[in-house]
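The values are calculated or read from the model by the stated rules, or taken from the named source; none is laboratory data. Computed from a predicted structure; not experimentally measured. Positions of Cβ are backbone-derived with ideal geometry, glycine not excepted, and every protein chain shown enters the neighbour counts.
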Amino acid sequence: MRVRVKICGITRSEDARLAVSLGADALGFIFWPGSPRAIAADLAKSIVDAVPRSVTRVGVFVDALPDDVAWLVSRVGLDAVQLHGQEEIRPFEGVGATLVKAVRLETDRDVERAAALPDFVTLLVDAADRRLPGGTGRQADWQRAARLAAGRPIMLAGGLDAGNVADAVRTVRPWAVDVSSGVERYPGIKDPERLTRFFEAIAGVGEESS
């Protein structure tokens, strides 16, 4: 099974073009003002408009209001909404995009709660951090993520880079991986070499199973 790749924290059109040329299945745009990778709606739209329709456009939000999210979905042209805060899922069902919910697996009970979320929600396993909702570079709990992935498709994030993504995929067997800081020069600016090596590592895992 081919592992899909989402490159998150896109702020520049050149980074989007490179990610797509290397094989990115999805691009993430962060609309939480507290992130160093935050992007304005108009800039995100200009990047999105130049991206092939085959690439999924994902908006990342933290405790945003559903009406504000729905407006950005329409304004920017988002295909999916990734919720990274303490928000409940149900109020976002009508925003006009598919839903992704970030979960953090610190305990076995967290795994159970995540597994019980509605099937129409895609789960993204991220690292636990008390201060920041994502993009910390910290590694998620792969063992608990693997337990969750055994029961439903998940996206794996949290501290991934070219050096560990192959091991992460072998251990967790995720449907997709999500990377931001692991392919950056500094927050919001992707590093072409790191990005290229990340995709090469993913391709290497695919060759093992072919």
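Of the candidates R144, R170, the single residue that is loosely packed, with under 15 Cβ neighbours inside 10 Å, under 22 Å from L105 (Cβ atoms), of a type in the set (K, R) and modelled with pLDDT of 95 or more is R170. When each of D15, D42, D25 is tested for being at pLDDT 95 or above and surrounded by fewer than 15 Cβ atoms within 10 Å (Cβ to Cβ), the lone residue that passes is D42.
Looking at region 1-12, which of its residues are out of contact with any Lys or Arg (no Cβ under 9 Å at 6 or more places or on another chain) and either surrounded by fewer than 17 Cβ atoms within 10 Å (Cβ to Cβ) or free of Cβ contacts under 8 Å to residues at least 12 places away in the same chain (or both)?
R2, the sole residue that qualifies.
The residue that is farthest from R138 (Cα to Cα), among those in region 58-71 that are surrounded by 22 or more Cβ atoms within 10 Å (Cβ to Cβ) and in contact with a Gly (Cβ under 6 Å, 6 or more places away or on another chain), is V58. Which of the residues spanning region 156-177 are of a type in the set (A, V, I, L, M, F, W, C) and in a helix (DSSP H, G or I)? Within region 156-177, V165, A166, A168, V169, V172 qualify. For the subset of region 84-124 comprising residues that are in a loop (DSSP other than H, G, I, E, B) and polar (S, T, N, Q), which member is surrounded by the most Cβ atoms within 10 Å (Cβ to Cβ)? The extreme case among them is T107. Here the condition is being farther than 26 Å from L195 by Cβ and either touching a residue at least 12 places away in the same chain (Cβ under 8 Å) or not β-branched (V, I, T) (or both); of A80, A64, it holds for A64 alone. Scanning region 54-68 for residues that are acidic (D, E) and assigned to a helix (DSSP H, G or I), we see that the one that is farthest from F29 (Cα to Cα) is D67.
Looking only at residues of region 189-204 that are in contact with an Asp or Glu (Cβ under 9 Å, 6 or more places away or on another chain) and not in a strand (DSSP E or B), we find that the one that is surrounded by the fewest Cβ atoms within 10 Å (Cβ to Cβ) is P192.
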